[in-house]
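Quick notes on the structure that follows.
Computed from the coordinates by the stated procedures, all read-outs in this text should not be read as laboratory data. Note that this is a predicted model, so its numbers are computed, not measured. Positions of Cβ are backbone-derived with ideal geometry, glycine not excepted, and every protein chain shown enters the neighbour counts.
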Amino acid sequence: MSNDRKTSRRSDAKRSMAVALLREPWVGPLGAVLFVYALFALLSPETFLGWINFTTMVRQTVVVGIAALGMTLIMVQGGIDLSVGSVVALTTVVVARALQGGVSVTAACLFGVATAAAAGLVNGALVAGLRITPFIVTLGSMSILRGLAKGLAHEQKIDAPEAGLDELMAMPPVDRAWQLLPVGVWLTLLLAVVAAVVLAYTRFGRHLVATGSNESTARLCGVDVPSVTVLVYVVGGLLAGVAGVMEFSYLTVGDPTDSIGLELAVIAAVVIGGGSLSGGQGSIPGTLLGALLMTFIAAGCTHVGLPNWVQEILTGLIIIVAVALDGLRRRGG
Amino acid sequence: MSESVLVVRGLTKAFGGTCALDGVDLDVAAGEVHSVLGENGAGKSTLMKILSGSIQPDDGRVELVGQVHAPRSPDQARRAGVAIVPQEPELAPHLTVEENVVLGAEPTSWGFVRRAEMRERATRALAQVAHGGERIDPGRRASTLSPSERQRVVIARALAVAAPRVLILDEPTSSLTAADVEQLFAVIERLKGTGLSVLYVSHFLEEVMRIADRYTVLRDGRFAGTGAVAEATSDDLVRLMAGAVVERRQRRARAKAGDVVLSVRGLAGRPLPVEASFELRAGEVLGIAGLVGAGRTELLRAVFGLDAVTSGQVRVRAHAGPASPLRRLSQGVGLLSEDRKGEGLAGQLTIAENLTLSRRLGWGPFVSPARERRAAERFVEQLGIRCRDVGQRMTELSGGNQQKVALARLLHHDVDVLLLDEPTRGIDVRSRADVHASIDELVGRGKAVLVVSSYLPELFGVCDRIAVMCRGRLGEARPVGEMDEHSVLREAAGA
């Protein structure tokens, strides 16, 4: 082969790498996050810009972010989980009750997460076993689990000894300044890496995408679709449980009326990040960026002094615009 | 012959590179039953879709009672006087019979449906399709209707919306029992008496010989002949449909068949197949011929464990027992789906992911994208799949290349028994030749291949033996040397 052709091949390869990068679903959300951050930094440089505000915003994204990791996997499989808000509230109540009962912090967290995983198991079993659409199943369990949480808490907030759990979400103390961000934030990033690896590099992840993309093909290729379905809801529940532990750490009480409507923010994060309600698509980095984008907008509006109703309108617009742009990108590509 | 109601001249329609209709002529007289015949893919459906307004022709002219007939939509065609009853009649299952009959043309005042008028119009239309004393209750839910009743309701709908001059029945008997067919014929005779022309599209020659007055045969998108049914024999029609000269590819030398690897005894499903038995040996290609709807796909799906079985036995080598795709794949049996888009491939996944979906490459619970890429690149080269990169999404490939990826999945899984359902449907000539070459090569290596195809030259070109399926029953498999296309076509049409 002549040198000429080699070089042209190499530049072709470079160009195709650039094209491939542009096609990554998280590139759009990343641009949006940077743009929104820069915009508010310009509008309100003295309060919005700076490390303190940044860490505050990141901290506020943890609960939605972790729950959205599970939702990404579920939506890639072609499902949806409307019960995450109720699961998070139930988890805070279970953790608080357990701490009240005097068990160790670790055991209390395990109880909480196990409860959430069990809720996921029931969701998954109903979707796979009874062949009811996930929207309906989780609409039902949203209400059932909320009721359980209220019953367990006797419809009151539960004050529990924090037992150090609050440190998960607290800013690192001065002697551990090297930690930079709260433990909960690092845990979110770690879980995100695991979820991304599962999605891209495991058989389970491949089966999720295949089932969500075309269930018939998956069945034809010997994928055990019911097992995959049950498992993804268990994983989703598990992550919602971890999000619940974080919420408890944030609130330092068990609150059965907490996180109402959280599922909508979680679904919005997935969708902004390139996920599709019809399955087969979704990106873990995209989802985290989507969650971050919504926090930035909310915080930025507060800093600039825009009222709450403007924030809500802006967030709604962002969701629609993000999905529309994503559709254009897909068709263009 | 009375005056022509429908005159078609030089009708032409191409899809992509393939010419589905090439200068077709057709004349239909008032009050006659005119049968349009042809093999699968001869262009009958395309012609009917043009007449009923679902697609528009590239060239040519249609006249309906002296007026130009160029409908842009099925609704326009219906209002102009051409109504179609499709092969799979569709009704809104949650609505009642009468609501379905007047659907899209409800009599209304200020947006409110005039129920009495709706009932009256529906009852009048239903009376025209009643059989003997038996009428369909207009208040029944459509979901409670039998296939035959559903079909009559669809015919009633065609009659109720506008007074049609031409009624198209597309394969009307494919899902009917023998008794239902008699009912339908009685209805057709009655409608014919009112001066309505019926275009009757069917594969079943004995039906055509009974009900039709005249016939027109299409072959490979061209006009092949027309005449009065009374002056033709079924052999004449078969000859017109199959053509005198059929291009035939060079057959490979027949390999020595080995042991029986797949044995099927008395297999029955719900509702198809009705009864199927065959044996497939290593190193042989068994073809299954038959008409669309004969139950060939259902047979393959039942064998592969995708559809439930009501009775019968499937053995893969020594193994019997319950079937599931996972179990079949582990036994070395693979299925190539006829429905590439809907089932065969996941469009949003890449070439490499689709190709390796059934057999995981990697370690423990992990998959290795690098190894997947390498495996995919090997098959891309081996099968001549044309793509930029194995990381491309499936939807970016042409049909022929998609089909090769689906076939490559079976090769990559290294199955010993390949169940190929319409392996070359809708793909270009070169890809078709590539697929045939792959089949030859596989059999040479001792694999067993089962091919379902509606394209007879293909079956005669690649198969060692052929069995014909008709209305859910599989006939005996015979060596291709003992068969010809006429005999297969006759058996498939149940003549």
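Structural remarks
- Residues B:110, A:186 in ascending order of nearby Cβ atoms (within 10 Å, fewest first): B:110, A:186.
- Here is the list for the range B:91-187: trypsin sites (Lys or Arg not before Pro) lying in DSSP coil, each with at most 16 other C-beta atoms within 10 angstrom of its C-beta, are B:114, B:135, B:140.
- Contour excess over end-to-end distance, with Cα ends at residue B:9 and residue B:275 and 0.36 nm allotted per residue: 91.4 nm
- Residues B:366, B:112, B:379, sorted so that the one with the fewest Cβ neighbours within 10 Å comes first: B:112, B:366, B:379
- Pairwise Cα separations in the range B:260-492 fall into 10 Å bins from 0 onward with the following percentages, short to long: 8, 33, 36, 18, 4, 0.
- Quotient of C-alpha Rg and 2.2 N^0.38 Å, computed over chain A: 1.06
- Legend: calculated FRET efficiency, residue A:52 to residue B:368, from the Cβ-Cβ distance at R0 = 35 Å, rounded to 0.05, equals 0.20.
- Dividing the helix sum by the residues of chain B, where each DSSP H run of 4 or more adds -39500 (n - 2.57), gives a mean residue ellipticity at 222 nm of -9500 deg cm²/dmol.
- Applying a DSSP loop filter and a limit of 13 other Cβ atoms within 10 Å to the GluC sites (Glu not before Pro) in the range B:369-418 leaves nothing.
- Residues in the range B:75-94 reached by a label modelled at residue B:114 [backbone nitrogen below 18 Å; 7 Å Cα→Cβ]: none
- Kirkwood Rh in Å, taken over all unlike Cα pairs in the protein assembly as shown: 31.0
- Cβ neighbours within 10 Å from other chains - mean over B:341-352: 5
- Within chain B, antiparallel bridges make up roughly 55 percent of the DSSP beta bridges whose residues both belong there.
- Dipole magnitude (debye, nearest 20) for chain B, charges at Cβ of Lys, Arg, Asp, Glu: 1340
- Surrounding net charge for residue B:73, when Lys and Arg each add one and Asp and Glu each subtract one, Cβ distance under 13 Å: +3
- Rg(Cα) / (2.2 N^0.38 Å) computed for the range B:4-242, rounded to two decimals: 1.01
- Measuring nothing but alpha carbons in chain B and taking Rh as the Kirkwood radius, the Rg to Rh ratio lands at 1.00.
- Taking GluC sites (Glu not before Pro) across the range B:62-98, the ones in a DSSP loop with at most 11 further Cβ atoms lying within 10 angstrom of their Cβ are B:90.
- Span from the the range B:428-454 Cα centroid across to the the range B:266-304 one, whole angstrom: 18
- Across chain B, Cα pairs under 8 Å and at least six residues apart give a relative contact order of 15 percent.
- Theoretical gain in end-to-end length, residue B:163 to residue B:135 [0.36 nm per residue, Cα-Cα removed]: 8.0 nm
- Among B:477, B:127, B:179 the positive-end extreme of the charge dipole of chain B (Cβ point charges): B:477
- Per-pair calculated FRET efficiency, R0 = 22 Å: residue A:30 and residue A:277 via Cβ, rounded to 0.05: 0.50
- Here B:464, B:414 are placed in order of increasing Cβ neighbour count within 10 Å, fewest first, which gives B:414, B:464.
- Per-pair calculated FRET efficiency, R0 = 51 Å: residue A:171 and residue B:55 via Cβ, rounded to 0.05: 0.15
- Calculated SAXS-style log₁₀ I(q)/I(0) at q = 0.15, 0.17, 0.22 Å⁻¹ - the range B:329-419, Debye, Cα scatterers: -0.51, -0.66, -1.10
- Simple rule: put +1 on each Lys or Arg Cβ and -1 on each Asp or Glu Cβ in the range B:4-242, find the dipole, and look at B:23, B:81, B:228; the Cα lying farthest toward the positive end is B:81.
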